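Right, one structure below, let's go through it.
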Amino acid sequence: MDIRHLPLARVALEGRPDQVFYAFPAAAGGVEVVELPSRRRVSRIAGIAAAVVAVLAFALLLIR
């Protein structure tokens, strides 16, 4: 397989700020669209997970 040029479009919709869409040519022809979470959404989820871990660690220290 030899890829010399891959057209790719990144689309962010105002109505869906927590998602980003990537569009590129499909192997069978046409356009394939992939939906991924935005950086803001990933950061928010990571922050919430870190806070939960911190609260659980603190609770374990209090129990002992």
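The values are calculated or read from the model by the stated rules, or taken from the named source; none is laboratory data. Because the structure is a prediction, the values reported are computed rather than measured. Cβ placement follows ideal geometry from the backbone for every residue including glycine, while neighbour counts extend to all protein chains displayed. In case anyone asks, the SASA skips ligands and DNA or RNA and just uses the protein heavy atoms, side chains included. Shrake-Rupley method; radii C 1.70, N 1.55, O 1.52, S 1.80 Å.
Taking Cα atoms, how many degrees apart are the long axis of helix 39-63 and the longest axis of the chain, rounded to 10 and kept between 0 and 90? The two axes meet at around 20 degrees. Ligands, DNA and RNA left out, the accessible area of the chain computed with a 1.4 Å probe is 65% carbon and sulfur. Model label points for residue 44 and residue 62, set 7 angstrom from Cα along the Cα-to-Cβ axis, are 2.7 nm apart. Per residue, the accessible area of the chain comes to 89 Å² when a 1.4 Å probe rolls over the protein heavy atoms. For the pair residue 51 and residue 27, label points projected 7 Å from Cα toward Cβ lie 4.3 nm apart.
Three principal axis extents describe the C-alpha atoms of the chain; from largest down they are 61, 33, 17 Å.
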